[in-house]
1. Take the residues of the stretch 99-122 that are out of contact with any strand residue (DSSP E or B) (no Cβ under 6 Å at 6 or more places or on another chain) and crowded, with 21+ Cβ neighbours inside 10 Å: which is modelled with the highest pLDDT?
2. Return yes when Val139 is assigned to a strand (DSSP E or B) and either within 28 Å of Ile226 (Cβ to Cβ) or touching a His at 6+ places or on another chain (Cβ under 9 Å) (or both) and no when it is not.
3. So in the stretch 50-76, with the set limited to residues that are in a loop (DSSP other than H, G, I, E, B), open to solvent by 10 Å² or more (accessible area, probe 1.4 Å) and closer than 28 Å to Ile163 by Cβ, which one is modelled with the lowest pLDDT?
4. What number of residues within the stretch 241-264 are open to solvent by less than 10 Å² (accessible area, probe 1.4 Å) and under 24 Å from Trp91 (Cα atoms)?
5. Within the stretch 380-398, is there a residue that is open to solvent by less than 10 Å² (accessible area, probe 1.4 Å) and closer than 30 Å to Thr273 by Cβ?
6. Thr236 versus (1) modelled with pLDDT of 90 or more; (2) more than 30 Å from Gln184 (Cα to Cα): which is the lone unmet condition?
7. So which of Gly354, Gly332 ends up being open to solvent by 10 Å² or more (accessible area, probe 1.4 Å) and either under 30 Å from Pro99 (Cα atoms) or at pLDDT below 95 (or both)?
8. Being out of contact with any Cys (no Cβ under 7 Å at 6 or more places or on another chain), modelled with pLDDT of 95 or more and open to solvent by 20 Å² or more (accessible area, probe 1.4 Å) is the filter here, so list the residues in the stretch 277-299 that pass it.
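The values are calculated or read from the model by the stated rules, or taken from the named source; none is laboratory data. Here the structure is a predicted model, which is why all the values come from computation and not from measurement. Glycine also receives a Cβ, built like all others from the backbone with ideal geometry; neighbour counts cover every protein chain displayed. With ligands, DNA and RNA removed, areas are computed over all heavy atoms of the protein, side chains included. Shrake-Rupley method; radii C 1.70, N 1.55, O 1.52, S 1.80 Å.
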Amino acid sequence: MCSADSNVELQPTTSDPALLLELKTRRPPSLVDRAGCETWSVDFSPDGAWFAWSMGHGIVWVVAWPLDSEDNQNGETDRGDKSFSCGHPVWGLTFGPRPPKSAAAARPAKTSSKRNLLLATGLQNGVIKIWNVFTGNPVFDLHGHEGVVRNLVFPPNGTLTLISSSRDKTLRVWDLTDKGKKVQVLHGHKDWISCCSVSSDCSMIASVGRFDRMVCLWSLRSYTFIRNLVGGTHYTFCLLSSCDFSPDGSVLATAAAAVSSSSWWIDLWDPYTAEKLATVVDYFEDFVLNQISAIQFSPNGLHLSIVTDDRALRIWELGEKGMVMQTKRDRGSNGLCCNYHPQGGVVATGTRDGHVRFWRAPRTIPSLRHLCRSILRYSVSTHQMEALPLPKRILEYLTYRNLPERLNAWSSSDEEEWDRNLI
């Protein structure tokens, strides 16, 4: 069901120099700060022309982007705000289908075709609803999950394939050309699945288990389990929350937080060799539990956005000490999710109170060597790289082995304290 009701307030703000604006949901006083208000998921359409977020209580709001554009009424398509009533709390959502990332990056944003732009919403009752964004009508429902559908991903190859992860410990690969009647079910996790991601060449799916501490790699071609990246390591007391492939598919980032202390860390993996390339860690000195909720690579692969309990947003440049951008420390930031605009420059974050904030992200011109690496690694695996007669330093750069093994995200240098709380 599509609605034009104005339940959203646009609030430009100057409280933080990096904060562009904030969308606040209008609620009756009885619903403020109550469970069910959370914005668990946000997303930009592949062309960057639309933005969607789950605003709580089973409602998804879709607005044209940029919000203040004079071109929002262009006569060709309905560019008005839309709301979709899903009937149950929405935990995951995504636009699709998605073109290959290399092709999307080469084209300027333009309005999506009416026939192609869909919105998938994952509900608390295990149902996935598929919507036509322009008509606001439901297309069909997908049934099969027996728990909360936590994450949804369209692979970046333009196909009508949808990957879902759920608290029922499974991932499902749906063929939407047949209304989801053809589905592959992936078993292997022992508990809730927090997040999943698809590599840029669409050969692999990565998934992280919230409580089973598993980082699983799956083949999207044969629908089989490949390996678990962290089995048997010292990560005994931690919660895994998020994962994301780099745009060239050669690095997998996973996020985890220690249960017994206020530490969180991000591991960077080579998905082809299972080698851990680097770890960035943060230690919060007041011993308050400091969860990390979400991570995502920037479209050019230079930066990683991070949402944690103590800051609404941090942005880290791979291989660098500290952060290139971070918001003010705020234990009430309530961040849950984040998503980059496809052309970069803006990061959207969702909060527990159902609001959305848009942040100014660093716009860095990639170096020529980074562009060469990205293009090469988009189609060449680590094993293929190692077979080439390359000088050691060039090979290390091309395989991301030039990254420091460990970096701090905080200003203190007390690494021993972090180690004691991790073990």
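1. Looking only at the stretch 99-122, we keep the residues that are out of contact with any strand residue (DSSP E or B) (no Cβ under 6 Å at 6 or more places or on another chain), and these are 99-117.
From what's left, crowded, with 21+ Cβ neighbours inside 10 Å: 101, 117.
Working: Lys101: 65, Leu117: 94.
Once the filter is applied, the top-ranked residue is Leu117.
2. Values: assigned to a strand (DSSP E or B): yes; either within 28 Å of Ile226 (Cβ to Cβ) or touching a His at 6+ places or on another chain (Cβ under 9 Å) (or both): no.
When the stated conditions are applied, Val139 does not pass them.
3. Filtering the stretch 50-76 down to residues in a loop (DSSP other than H, G, I, E, B) leaves 57-58, 65-69, 73-76.
When the remaining residues are screened for being open to solvent by 10 Å² or more (accessible area, probe 1.4 Å), the result is 57, 65-69, 73-76.
Narrowing further to those that are closer than 28 Å to Ile163 by Cβ: 57, 65.
Numbers: His57: 87, Trp65: 93.
Within the stretch 50-76, the match that is modelled with the lowest pLDDT is His57.
4. 12
5. To start, the set of residues in the stretch 380-398 that are open to solvent by less than 10 Å² (accessible area, probe 1.4 Å) comprises 382, 385.
Subset that is closer than 30 Å to Thr273 by Cβ: 382, 385.
Yes, because at least one residue in the stretch 380-398 is open to solvent by less than 10 Å² (accessible area, probe 1.4 Å) and closer than 30 Å to Thr273 by Cβ.
6. (1)
7. Details: Gly354 fails: open to solvent by 10 Å² or more (accessible area, probe 1.4 Å).
The unique qualifying residue is Gly332.
8. Pro299
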